[in-house]
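Engineer: I have a structure here, written as structure tokens, and I will follow up with some questions on it.
Laboratory data are not the source of any read-out in this text; all were calculated from the coordinates shown. None of these values were measured; they are calculated from a predicted model. Heads up, the Cβs are rebuilt from the backbone with ideal geometry, glycines too, and the neighbour counts pull from every protein chain shown.
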Amino acid sequence: MTTPNIPLLRSRILLCLVCCCITATWLSCSEDSLDGTSVIKDDTQQKNAFDEWLDENYLKTYNIVLKYRLEDAETNFTYTLAPADYNNSMKLAQIILHTWLQAYEEVAGRSFVCRLAPKVIQFVGSPAMETDNRAMMGQAEDGMKITLFGVNYLKVNRAFLNDSYFQSMHHEFVHILAQNKDYDTDFQKISEGDYEPAQWYASGKTESYALQKGFISTYAMSEYNEDFAETLAFYLINTDAEWQAKMKTADTNDEEGKPHNGSVIIQQKLQMIRSYMQTAWNIDIDKLRTVIQRRMDEI
């Protein structure tokens, strides 16, 4: 009995299999009509006129990317969120440019804004609803990105814009500045012992309560860094009449007739902030405030 040549047999089997596969493939290709659409998807979206405007006025001018489309990689899906309305996005982008970026540029110069402003601004259509039903309208990430929520409910008036966006934006920008250049630690001593990190948001902690204790807002009571940022942010966005009304409330007697001097404490804090901004950044906060107020009136 002759022993088969195993390597030769295997070669013939493989050759037959290859031929069968080629034949089957040729038959399949010849019978099917091919779809010309590539299975590789290109996510690059053609730019519209608004995209080109953003490139010119945000990216090229200030090195800032403004995103108004709801992108997975940029979105915090802890919340149930909706995309930003296109027309409202255009309005808000122009308002931010005029009353925030160009205001700082007018006072401190373009290089200041390019170097220190957050590199990404993102718009989201819906508010970010917390579990306690509070609506968050602004969020900052490490000084590099600011997300503005509730764009679909935009109202072009001073109260809405300040409460919803500019108070938070100025606040976060102050944090960025303080992270780059420290302020005097004596600021911490002004209200030392009066901060309420675990209770600032509790029931009964009203704005009047905060003002009478020497804080511009209830959130300023949480700790001294927030106090610093809140004080300057509110000073910049408040008109003279609004600021004076707060100072009057800060000095109002409480329900038991006890007098308060909250305005003295707030003005002491503001003076330290004024000195810091002038020394560290060569910015006169009173001039900056005048520019911001003028630009807000112009919109």
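Engineer: If you keep only loop residues by DSSP, which GluC sites (Glu not before Pro) in the range 185-294 have at most 15 other Cβ atoms within 10 Å of their Cβ? All intermediate terms of the calculation are to be shown ahead of the outcome.
Structural biologist: Numbers: sites: E192, E207, E223, E226, E230, E242, E255, E256; in loops: E192, E223, E255, E256.
Sites meeting the loop and neighbour criteria: E192, E223, E255, E256.
Engineer: So between D163 and A280, what do we pick up on full extension, going 0.36 nm a residue minus the alpha carbon distance?
Structural biologist: Numbers: separation 117, 0.36 × 117 = 42.12 nm, distance 2.78 nm.
Taking 0.36 nm per residue and subtracting the Cα distance, the gain is 39.3 nm.
Engineer: Can you order the peptides 208-215, 270-277, 92-99 by their average number of other Cβ atoms within 10 Å per residue, highest first? Intermediate values should be presented prior to the final figure.
Structural biologist: Details: 208-215: 22.2, 270-277: 17.2, 92-99: 19.6.
Taking the mean over residues of other Cβ atoms within 10 Å, the ranking is 208-215, 92-99, 270-277.
Engineer: Could you rank the peptides 182-189, 281-288 by their average count of other C-beta atoms within 10 Å per residue, with the highest value first? If you can, show how the numbers build up before the last one.
Structural biologist: Numbers: 182-189: 12.6, 281-288: 16.1.
Sorting 182-189, 281-288 by mean packing, highest first, produces 281-288, 182-189.
Engineer: Which is farthest toward the positive dipole end of the range 194-293 among S222, A280, G204, measuring Cα position about the Cα centre, with Cβ charges +1 (Lys, Arg) and -1 (Asp, Glu)?
Structural biologist: A280
Engineer: Let me ask another. For a Förster distance of 30 Å, can you work out the FRET efficiency between the beta-carbons of T206 and R69, rounded to the nearest 0.05? All intermediate terms of the calculation are to be shown ahead of the outcome.
Structural biologist: Working: r = 39 Å, r/R0 = 1.31.
Efficiency computed from Cβ-Cβ geometry: 0.15.
Engineer: Now a separate question. Roughly how compact is the range 192-238, stated as its Cα Rg over 2.2 N^0.38 Å to two decimals?
Structural biologist: 1.04
Engineer: May I pose another question? Answer rounded, prolate or oblate for the range 85-199, using the Cα gyration tensor with square roots of eigenvalues a ≥ b ≥ c: rounded when a/c is under 1.5, else prolate when a/b is larger than b/c, else oblate.
Structural biologist: It is oblate, given that a/c is not under 1.5 and a/b is not larger than b/c.
Engineer: At 0.36 nm per residue, and after removing the present C-alpha to C-alpha distance, how many nm does the segment from Q267 to N225 gain when stretched out fully? The partial results should precede the final answer.
Structural biologist: Working: separation 42, 0.36 × 42 = 15.12 nm, distance 1.65 nm.
Taking 0.36 nm per residue and subtracting the Cα distance, the gain is 13.5 nm.
Engineer: Using 0.36 nm times the number of residues separating D251 and C114, minus their current alpha carbon distance, what extension gain do you get?
Structural biologist: Values: separation 137, 0.36 × 137 = 49.32 nm, distance 4.04 nm.
Residue separation times 0.36 nm, minus the Cα-Cα distance, leaves 45.3 nm.
Engineer: Take N48 and E106, extend 7 Å from each Cα along the Cα→Cβ direction, and tell me the distance between the two endpoints in nm.
Structural biologist: 3.0 nm
Engineer: Rounded, prolate or oblate: pick one for the range 181-299, where a ≥ b ≥ c are the square roots of the eigenvalues of its C-alpha gyration tensor, a/c under 1.5 means rounded, and failing that, prolate if a/b is larger than b/c, else oblate. Please report the intermediate quantities before stating the final value.
Structural biologist: On the way: a/c = 1.92, a/b = 1.33, b/c = 1.45.
Oblate.
Engineer: Continuing with the same structure: Just order 153-161, 169-177, 260-268 by mean Cβ neighbour count inside 10 Å, highest at the front, would you? Can you show the working numbers first?
Structural biologist: Details: 153-161: 14.8, 169-177: 21.0, 260-268: 17.9.
In descending order of packing, they fall as 169-177, 260-268, 153-161.
Engineer: Okay, next question. Rounded, prolate or oblate: which fits the range 149-230, taking a ≥ b ≥ c as square roots of the Cα gyration tensor eigenvalues, rounded meaning a/c under 1.5, else prolate when a/b beats b/c?
Structural biologist: Values: a/c = 2.54, a/b = 1.33, b/c = 1.92.
Judged from the Cα gyration tensor, the range 149-230 comes out oblate (a/c at least 1.5, b/c at or above a/b).
Engineer: Under 19 Å from the Cα of K155, which lysines turn up, not counting those fewer than eight places away in the same chain?
Structural biologist: Answer for K155, where 19 Å is the Cα cut-off: K91, listed by chain and number.
Engineer: Next question. Please find the FRET efficiency linking Q244 to I299, where r is the Cβ-Cβ separation and R0 is fixed at 30 Å, and quote it to the nearest 0.05. If you can, show how the numbers build up before the last one.
Structural biologist: Values: r = 24 Å, r/R0 = 0.78.
Efficiency computed from Cβ-Cβ geometry: 0.80.
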